[in-house]
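Asks: Let me give you the structure first, and then I'll get to my questions.
The values are calculated or read from the model by the stated rules, or taken from the named source; none is laboratory data. In this text the structure is predicted, and so the values were computed from the model without any measurement. A quick note on method: Cβ atoms are made from the backbone with ideal geometry, for glycine too, and the neighbour counts reach across all protein chains shown. Note: areas computed on protein heavy atoms with side chains; ligands, DNA, RNA excluded. Shrake-Rupley method; radii C 1.70, N 1.55, O 1.52, S 1.80 Å.
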Amino acid sequence: MLRNRLGIVLVTALAPAVWGSTYLVTTELLPPNRPLLAAVLRALPAGLLLIAITRRLPKGSWWWRSLVLGALNIGAFMALLFIAAYRLPGGVAATVGAVQPLIAAGLSAGLLGDRLSLRTLLSGIAGVIGVSLLVLRANAQLDALGVAAALGGAVVMATGVVLSKRWTSPAPLLATTGWQLTAGGLMLVPVALLVEGAPPSHLTGANLLGYAYLGLIGAAVSYALWFRGIRALPPTSVTFLGLLSPVVATALGWLVLGQDLSPVQGVGAVIVLGSLVAAQNQRPRTTAPESPLPPAGQPASAEAAATQQPVPEPTR
């Protein structure tokens, strides 16, 4: 059991590790000042590809659930991330976003009945401190709208993770992933056109390679791994793995771009890794329901019918 759990954690961790390479790919391969175009081309083609491969469309309530999850995990999250990135230094945005595990822990307690343990709380605080040491600079300036966007991004992503755990998809993992990527990508199209205008008339080979990497590896593969992890692990444990992204981004900047890496940043990376390891070591404890759960598909009341919590099967 422990080996199986460790394997799932390591495979799930590949997703935020891949997302940590987004900054390098964007700065080195993509056209400048087109982050929303990158978000659209990252999500929409990958989603349509997965739908074409699986040949599955949502049924019943999964039409609106896919829209909600696609907005939270993809569309709204990336739009808010774009606003935060443009109005804040990267270190500030990453530090504010590091509160996501704490938000997910609170939502899990309210929606899933998971207990908020002291270890989770301390690990979350340590994660924020570690990320701030890793990426925050002393001359960083705050912007109210940027901070609100970064915090909003953390909230919508944490909500998406927890709802993905609460709502059980009847379809295969790749189909569910495709639905969310497509829904989120479609929501981003009008935003990208409004903010950035029409796509560039000419794309280089490097541009196409960068977009292909973000779509195939950064979306289709990584989100499938992410949602698979949510199905098997507690939502809070999964969101802690997201702290790997700034660690990988900093490491790639040092290894590939020759950026300086200070001892303080090294300490921050160690704290981040320690916090996410501590979060994975704890076993999920769930508050016992006040009354026995009804058989699957048979809510005990009208209220339960509206907020029915299925067996964990989640689907960033």
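Asks: Tell me, what is a quarter of the convex hull surface for the C-alpha atoms of the chain, in nm² with one decimal?
Replies: 17.3 nm²
Asks: Give me the percent of Cα-Cα pairs in the stretch 176-261 that sit more than 22 Å apart, rounded to a whole number.
Replies: Result: 48 percent of Cα pairs exceed 22 Å.
Asks: Using the Kirkwood radius over C-alpha pairs as Rh, can you work out the diffusion coefficient of the stretch 46-153 via Stokes-Einstein at 4 °C, viscosity 1.567 mPa s, in µm² per second?
Replies: 81 µm²/s
Asks: Another question about this same structure. Tell me, what % of the accessible area of the stretch 1-100 is carbon and sulfur with a 1.4 angstrom probe?
Replies: 70 percent
Asks: For the stretch 119-172, give the percent of accessible area contributed by carbon and sulfur heavy atoms, probe 1.4 Å, rounded to a whole number.
Replies: Values: 1610 of 2300 Å².
With neighbouring chains kept in place, the figure for the stretch 119-172 is 70 percent.
Asks: Enter the Cα centre distance for the pair the stretch 13-35 and the stretch 140-176, rounded to the nearest angstrom.
Replies: 19 Å
Asks: Please list 3J(HN,Hα) in residue order for the stretch 147-153, calculated via the Karplus relation 6.51 cos²θ - 1.76 cosθ + 1.60 where θ = phi - 60°; whole Hz, with x for glycine and proline.
Replies: Computed from phi, the couplings for the stretch 147-153 are 5, 4, 5, 5, 5, x, x Hz.
Asks: In the full protein assembly as shown, how much of Leu14 is accessible to a 1.4 Å probe, in Å² to the nearest 10?
Replies: For Leu14, solvent-accessible area is about 90 Å².
Asks: Continuing with the same structure: Given Cβ point charges of +1 (Lys, Arg) and -1 (Asp, Glu) and nothing else, what value in debye, to the nearest 20, does the dipole of the chain about its Cα centre take?
Replies: The calculated dipole for the chain is roughly 680 debye.
Asks: Using the heavy atoms of the protein chains alone and a 1.4 angstrom probe, what is the accessible area of the chain per residue in square angstrom?
Replies: Per residue, the chain has 48 Å² of solvent-accessible surface.
Asks: Now a separate question. Add -39500 (n - 2.57) for each DSSP H run of 4 or more in the chain, then divide by its residues: what number comes out at 222 nm, to the nearest 500 deg cm²/dmol?
Replies: Working: 16 runs with 217 residues, N = 316.
When only DSSP H runs of four or more count, the value is -22000 deg cm²/dmol.
Asks: Under a point spin-label approximation (7 Å from Cα along Cα-to-Cβ), what is the Asn4-Leu257 distance to one decimal in nm?
Replies: Reported label-point gap for Asn4 and Leu257 is 4.2 nm.
Asks: Using only the alpha-carbon atoms of the stretch 119-201, report the extent along each of the three principal axes, biggest first, to the nearest angstrom.
Replies: Result, largest extent first: 42, 42, 20 Å.
Asks: For the stretch 52-113 and the stretch 226-240, compute the distance between their C-alpha centroids and round to whole Å.
Replies: 13 Å
Asks: Please list, in chain and number order, the residues 5+ apart from Asp114 or on another chain whose amide H is under 5 Å from its amide H, with Hs placed from the backbone.
Replies: Residues meeting the amide H criterion: Ala109, Thr287.
Asks: Next question. Among Trp226, Val267, Thr26, flag the residue with its Cα farthest along the positive direction of the charge dipole of the chain, charges on Cβ as +1 for Lys/Arg and -1 for Asp/Glu.
Replies: Trp226
Asks: Follow-up question, since we're still on this one. Name the residue farthest towards the positive end of the dipole of the chain from the options Gly178, Ala251, Gly210, assuming +1 on Cβ of Lys and Arg, -1 on Cβ of Asp and Glu, about the Cα centre.
Replies: Ranked along the dipole, the leading option is Gly178.
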